[in-house]
Structure formats: C-alpha cells, structure tokens
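The values are calculated or read from the model by the stated rules, or taken from the named source; none is laboratory data. Every value quoted in this text rests on a predicted model; they were computed, and no experiment measured them. Heads up, the Cβs are rebuilt from the backbone with ideal geometry, glycines too, and the neighbour counts pull from every protein chain shown. Ligands, DNA and RNA are stripped out before the accessible areas are found, and what is left, the full protein with its side chains, is counted by its heavy atoms. Shrake-Rupley method; radii C 1.70, N 1.55, O 1.52, S 1.80 Å.
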Amino acid sequence: MDKISVIGLLLGLVAITLGQWLEGGHIGSLLQFTAFLIVIGGTAGAVMLQSRVVDFVAGMRMVKWVFIPPAHDFRRILNTLTTWSQQARRAGLLGLEQFVQSEKDPFVKRGLQMLVDGAEPETIRHAMELDIDAWELHAKAAAKIWEAAGGYAPTIGILGAVLGLIHVMENLSDPSRLGAGIAVAFVATIYGVGSANLIFLPIANKLKFHIGTEVRRREMLTEGLITIANGENPRMMESKLAAYL
C-alpha cells in the first residue's frame, strides 16, 4: 500500500471540508448531486470521446497503481541476474532453460528464451527494446486519460456554473428556487477545479512515475541478459548494473 497517496488524498479532502466548516459554512452544502453529475459525467464523456477503448479501459485498471504500486525490487533483480550469469558460466546458456520454465514475467521469459536459443546479443537487445517501447507507448496512452480528465474537469465545472446561473435567471420571480441554482453554480466550479487538482492530475503524475520505474526495470533486465549473452564475468555485470539501484 502506498501510504503517502492515501494520506495525500485524505488530507486534501479534509482540508477543504474543514476550511468550509471553519468559515462557518455547512459541509452538506458541498454535496450537490446535480453538480457532481455535470462535472464527472461531462468529464468522463469528453475523455471517452478522445480515447481508444483499449486505452480508456487500461487507464481505469491502472489507477490501482496509485494505492498499490507494482513491486520494483532492483536489488532482487540484480541478485537474480547474477544467479543466471553464474549458471550460464557453469553450464552454458542451455543451463538457463530451467529458469525459462519457472519465469512468470512474459517480458523476462521472452528474453531468456532467446538467450537459450542462442540468439545474437544485438538481436536480443533489439527485440527487447522494441518490446519496451511498445509497452511504454501503450502505458502512457492509458495514463493520459487521467491527465486529459484533469484538463477537461475545470472547464466542465464552469459549464455547470453557467447552467446553474441560467437556472437562477429563469426563476428570478421565485426566490425559493434561487438558492438551489446558485448552489449548483458554485459547487460545480469547486467540483471541476477540485477534482482536477486533487485527484485527476495527481493520479496521472503518479502513474507516469510508476511507468518510468517499470521501464527502468525492463532496461535493467535487458542489459543483464545482454551481459550474460556476451559471456561477461558476473562481478562485472554487478558493477555495471549497480547504477540502476
């Protein structure tokens, strides 16, 4: 669990509601379903319009990384690569076949299989770098749906405010209905600006960080497998890959 993400989200929400209460306002006045529907529904529609289905679905699934990030233990990866290197020096590249069968990561398994099959180091590098580039392109497209939401939400909030003011103008002769329209107008703006800066944009930036870390993990694995393919000493590999730690 990424505790700082949970704390940050709660702190932002509590700060706003506490500020409303300290100013003498009612917290319940911030709860307007109509404003919520306009901002969140309008933002979701705009994001869906600009996105591919596969990117939108991937972005929604990826949001769990904000609170439960993927494990990236670079020290463990280095130890694993060292073990593979030592095995390759003892039993040759065919000695790594046992690790191919037990490997669950498709990216690593593909690289190991090419290594066992005797592919040239540059061929392995080219194939794995293409894999990294393709994965990064797809992952960034998925993360950008949250960045797009952060761009659309404030504008949709202003749209909600205008709709609320139109409702107010239509009911000037009925003072009892003016309050609801004014509330929607201002709360919609709060929802738009607040959701963009407290939720959508922070989520996008956190996902970009995790994507960058995953790319670095894959690059480390690629360099390690190339080092093994070149038959370099395991100690030399440890020294080379220490930069990733």
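Within the range 198-245, how many residues turn out to be of a type in the set (S, T, N, Q), open to solvent by 50 Å² or more (accessible area, probe 1.4 Å) and within 16 Å of the chain's Cα centre (by Cα)?
Total meeting the criteria: 1.
Pairs please, first residue from the range 3-26 and within 16 Å of residue 191 (Cβ to Cβ) and without any contact (Cβ under 8 Å) to a residue 60 or more places away in the chain, second anywhere and assigned to a helix (DSSP H, G or I) and of a type in the set (A, V, I, L, M), Cβ atoms under 8 Å, 6+ apart in sequence or on different chains.
Correct list of pairs: 17/27; 17/30; 20/27; 20/30.
Among the numbered conditions (1) modelled with pLDDT under 90; (2) among the acidic types (Asp, Glu); (3) closer than 20 Å to residue 221 by Cβ, tell me where residue 120 comes up short.
It is condition (1) that residue 120 fails.
Suppose the filter is open to solvent by 50 Å² or more (accessible area, probe 1.4 Å), within 23 Å of residue 211 (Cβ to Cβ) and part of a helix (DSSP H, G or I); does residue 144 pass it?
The answer is yes for residue 144.
Out of the range 1-20, which residues are at pLDDT below 85 and surrounded by 12 or more Cβ atoms within 10 Å (Cβ to Cβ)?
20
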